[in-house]
Structure formats: structure tokens, C-alpha cells
Amino acid sequence: MTRLFNDPADFADESTDGFVAANRSRVRKVHGGVARSTTSPDGTVALVIGGGSGHYPAFGGLVGHGLAAGAAMGNLFASPSAQQVTAVATASEHGGGVLLSYGNYAG
């Protein structure tokens, strides 16, 4: 398997930037992760999921119409910080509150 990356310290940010560039019609980058770029009706409860970036920021792929409103993505094999979760939740909220969830991993 071929792996291409620059500075390992920049892996999570660069992979998130690439994910957003490839899916700009569905997601937008916010501090700490991604949020849905499409709108939801006012009063909708926003589901925000999260976890570490691991091999790639997989949780971002669950953001979109019909599922998550945002994904808080931590650094490489690390949980997202409270500040990251708060920033993504704030960007994803539409007046109906926020439900926080996370992936099943050891981070």
C-alpha cells in the first residue's frame, strides 16, 4: 500500500482540507471538523458525531442530508478537544439543540 503525506503533524488538517475540497457541496470546514453546507429546517435537532482522525477523518463522511449535521474530528489517533466539539456543535445547531455522539474507539 502506498501512503502519501507531507508533515505527519499536518495530516489531520490536510486530510480534512482534501475531504472538504472534494465534497464542498455537502460539507464546509469549521474549527475542529466539518459541518453540513446545506441548510436544515429551523428547530431541527443537530446530530454531531466525532472521534479521532486515525488513518483518515472518517467521521466527516457521515455528515450530510439525512444523517449528521457536523463531525468533530480530533488529531491523529486522538479525541477531539472540548473546544473542537463546541465549535462544531455551534456551527451545526439550528435552534433545536444538539445531540452529541461519538465513534466506538479507544481514544
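The values are calculated or read from the model by the stated rules, or taken from the named source; none is laboratory data. What you see is a predicted model; the values in this text were computed from it and never measured. Ideal geometry is used to build each Cβ from the backbone, glycine not excepted, and the neighbour counts take in all protein chains shown.
Give me the pairs: first residue in the range 27-47 and more than 20 Å from residue 78 (Cβ to Cβ), second residue acidic (Asp, Glu), beta-carbon distance under 6 Å, and six or more apart or on different chains, which are they?
So the pair list comes out as 46/93.
List the number of the failed condition for residue 37; all other conditions in (1) of a type in the set (Gly, Ala, Ser); (2) closer than 17 Å to residue 102 by Cβ; (3) at pLDDT 90 or above hold.
(2)
Search the range 53-85 for residues being without any contact (Cβ under 8 Å) to a residue 12 or more places away in the chain and over 16 Å from residue 14 (Cβ atoms), and hand back the single one that is surrounded by the fewest Cβ atoms within 10 Å (Cβ to Cβ). Write out each step before concluding.
First pass over the range 53-85, keeping only residues without any contact (Cβ under 8 Å) to a residue 12 or more places away in the chain: 55, 66, 82.
Restricting the remaining residues to those that are over 16 Å from residue 14 (Cβ atoms) gives 66, 82.
Values: 66: 4, 82: 10.
My answer is 66.
Return the residue satisfying two criteria in turn: it lies in the range 50-66 and is under 20 Å from residue 98 (Cα atoms) and among the hydrophobic types (A, V, I, L, M, F, W, C), and of such residues it is modelled with the highest pLDDT.
If we take residues in the range 50-66 being under 20 Å from residue 98 (Cα atoms) and among the hydrophobic types (A, V, I, L, M, F, W, C), then 63 is modelled with the highest pLDDT.
Please go through (1) assigned to a strand (DSSP E or B); (2) surrounded by fewer than 19 Cβ atoms within 10 Å (Cβ to Cβ) for residue 50 and return the number of the only condition it doesn't satisfy.
(2)
Residue 102 versus (1) part of a loop (DSSP other than H, G, I, E, B); (2) free of Cβ contacts under 8 Å to residues at least 24 places away in the same chain: which is the lone unmet condition?
Only one criterion in (1) part of a loop (DSSP other than H, G, I, E, B); (2) free of Cβ contacts under 8 Å to residues at least 24 places away in the same chain is unmet by residue 102, namely (2).
Does residue 92 fit the bill of being out of contact with any His (no Cβ under 8 Å at 6 or more places or on another chain), surrounded by fewer than 16 Cβ atoms within 10 Å (Cβ to Cβ) and in contact (Cβ under 8 Å) with a residue 40 or more places away in the chain? Reasoning before the result, please.
Details: out of contact with any His (no Cβ under 8 Å at 6 or more places or on another chain): yes; surrounded by fewer than 16 Cβ atoms within 10 Å (Cβ to Cβ): no; in contact (Cβ under 8 Å) with a residue 40 or more places away in the chain: yes.
No: the conditions fail for residue 92.
Just name the residue that is surrounded by the fewest Cβ atoms within 10 Å (Cβ to Cβ) out of those in the range 1-34 that are at pLDDT 90 or above and part of a loop (DSSP other than H, G, I, E, B).
For the range 1-34, the residue satisfying everything is 25.
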